[in-house]
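Okay, so here's the structure we're looking at.
The values are calculated or read from the model by the stated rules, or taken from the named source; none is laboratory data. Just so it is clear, the structure is predicted and the values come from calculations on it, not from any experiment. No Cβ is skipped: glycine too gets one built from the backbone with ideal geometry, and neighbour counts run over all protein chains shown.
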Amino acid sequence: MSQYFTIFIGAPVWWGDWPMIMYTFFENNADRLAGKTLVPFSTHEGSGLSGFDKKLSSACPDATVSDGLAIRGNDCQNDQESVRKKVSEWIAGLGY
């Protein structure tokens, strides 16, 4: 990860939180994520981003957390063009 300045981190929202395996990843890689810009994204079925950004900031306090994106899982399956547009707009809004 040392060669990257920005890292996109995505997972589904499970009961309003990151899946536990993500916390293991954050804990095991906190030193390597320090000083990076972390960009959270998720799929969900009603809870939105569910505080992923704040939870990521707590798990990786030495990183900068950027604006995240939450996409309804059902839309990923059934409205892919709308999802592509949302993702493109989000990426452009981040400056990429």
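Here Lys36 passes the criteria (1) within 30 Å of Asn78 (Cβ to Cβ); (2) crowded, with 18+ Cβ neighbours inside 10 Å except the one numbered (1).
Here is a yes/no grid of residues against (1) modelled with pLDDT under 95; (2) over 14 Å from the mean Cα position of the chain (by Cα); (3) not hydroxyl-bearing (Ser, Thr, Tyr):
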residue: Thr6; (1), (2), (3): no, no, no
residue: Ile9; (1), (2), (3): no, no, yes
residue: Trp18; (1), (2), (3): yes, no, yes
residue: Ala34; (1), (2), (3): no, yes, yes
residue: Glu45; (1), (2), (3): yes, yes, yes
residue: Leu49; (1), (2), (3): yes, no, yes
residue: Val83; (1), (2), (3): no, yes, yes
residue: Trp90; (1), (2), (3): no, no, yes
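Picking from residues in region 34-60 that are in contact with a Cys (Cβ under 8 Å, 6 or more places away or on another chain) and in a strand (DSSP E or B), the one that is nearest to Val13 (Cα to Cα) is Thr43. As a summary of the residue check, Ile21 satisfies the conditions (1) hydrophobic (A, V, I, L, M, F, W, C); (2) part of a helix (DSSP H, G or I); (3) buried (at least 17 other Cβ atoms within 10 Å of the Cβ) except for the one numbered (3). Of all residues assigned to region 76-86, none qualifies as being in contact with a helix residue (DSSP H, G or I) (Cβ under 9 Å, 6 or more places away or on another chain), free of Cβ contacts under 8 Å to residues at least 60 places away in the same chain, closer than 28 Å to Gly35 by Cβ and not hydrophobic (A, V, I, L, M, F, W, C).
Exactly one residue out of Asp53, Asp62 is on the phi < 0 side of the Ramachandran plot and without any contact (Cβ under 8 Å) to a residue 24 or more places away in the chain: that is Asp53. Can we say Thr6 is among the polar types (S, T, N, Q), touching a Pro at 6+ places or on another chain (Cβ under 6 Å) and surrounded by 11 or more Cβ atoms within 10 Å (Cβ to Cβ)? No.
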